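Scroll down for the structure; my scribbles are underneath it.
The values are calculated or read from the model by the stated rules, or taken from the named source; none is laboratory data. Bear in mind the structure is a predicted one, so any value in this text is a computation, not a measurement. Note that each Cβ is placed from the backbone with ideal geometry, even for glycine, and that neighbours are counted across all protein chains shown. Quick note on the areas: whole protein, heavy atoms, side chains included, nothing else; ligands and nucleic acids left out. Shrake-Rupley method; radii C 1.70, N 1.55, O 1.52, S 1.80 Å.
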Amino acid sequence: KNYSKWVPFLLAWDGTLRMVATEARIRRSFRPGFVLDDNVVGEAVERPGGRRFVFIHPDRMAQVVKAHRDRPLALAAFLHGVAVHELTHLDGKMGDGHDEEFVSRREDLGAATAHLLPAIAVLATKLLRLPERETDDARRIAKLERQLAVAREAVKVEKAANAALVR
C-alpha cells in the first residue's frame, strides 16, 4: 500500500549501497530492495542465474529515520553499517555465515568507507526531505546575500542620481 511513500527510502538505500560498493571496488552486480522478514534488518541473496539482491527492512529503516530526523549522521551510520554488512556477504562471503573472516572483512570494509558518512547523510537528508540544520557557512552566505542586495540597491540609487546629474 502507498508504495510511493517508500520510493525515497529505496533510493537512499540504493545510493548508500552504490557509494560503498564503488569506493570498495566491489564489481559484482546487485539490485537493492526491501526484505519483509521481521527477523532481519538486512539481507543479501543470490537467485538462480546469478542475480544478486541486497535488501533492507523498510520498517526498521523508517524507525531509524523517525528516531534520528534531526541527526543525519546517525541515520547515515545505520545505513552504512547495514550496507557494509550485506556487501561483505555479497563480495565473496555469501552463505558462509558470520565467521571470523567475515567479521574481519566487514570491519575492513567499514573502516575503508567510513569517510562516506557525511555524503550518505546529505543524500538521505535530501531524498527523505529531512530538516537541514543551518550551518555557519549557510548563515554567512545568507548575511552576504543580504549585504549584496543592499549594495545592489545602493548602486541603483547612485546610477539614478548620476544619470540625473549628467542630464
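On the basis of the beta-carbon distance and an R0 of 25 Å, ARG18 and ILE141 show a calculated FRET efficiency of 0.25. Stokes-Einstein diffusion for the chain at 20 °C, viscosity 1.002 mPa s, with a Kirkwood radius from C-alpha pairs, works out to 115 µm²/s.
Please identify every one of the GluC sites (Glu not before Pro) in segment 113-167 that sits in a loop by DSSP and has no more than 15 other beta carbons within 10 Å of its own beta carbon. Numbers along the way, then the final one.
Details: sites: GLU132, GLU134, GLU145, GLU153, GLU158; in loops: GLU132, GLU134.
Qualifying residues, ordered by number: GLU132, GLU134.
Accessible surface for segment 6-162, divided over its residues, is 61 Å² per residue with a 1.4 Å probe. In the elastic network of the chain, a GNM with C-alpha springs shorter than 10 Å, the most mobile of ALA24, ALA151, ALA74 is ALA151.
Under the combined filter of DSSP loop state and at most 15 neighbouring Cβ atoms within 10 Å, segment 49-147 retains these trypsin sites (Lys or Arg not before Pro): ARG69, ARG129, ARG133. Considering the chain as a Gaussian network with a 10 Å cut-off on Cα pairs, which listed residue, LEU109, LEU11, LEU144, attains the greatest mean-square fluctuation? Checking each option, the largest mean-square fluctuation is seen for LEU144.
For ASN162 and VAL7, a Förster radius of 45 Å and the Cβ-Cβ distance give a FRET efficiency of 0.20, rounded to the nearest 0.05.
For the chain, modelled as a GNM whose springs connect Cα atoms under 10 angstrom apart, the maximal fluctuation among ILE26, ILE141, ILE56 occurs at ILE141. The helix-based estimate of mean residue ellipticity at 222 nm for the chain, built from -39,500 (n - 2.57) per DSSP H run of four or more residues and divided by its residue count, is -20500 deg cm²/dmol to the nearest 500.
Leaving out ligands, DNA and RNA, what percent of the accessible area of the chain is carbon and sulfur, probe 1.4 Å? Accessible surface attributable to carbon and sulfur in the chain totals 54 percent.
Taking the centroid of alpha carbons for each part, segment 115-155 and segment 64-108 are 30 Å apart.
Taking the square roots of five times each eigenvalue of the Cα gyration tensor of segment 48-126, the equivalent ellipsoid has semi-axes of 25, 15, 11 Å, listed largest first.
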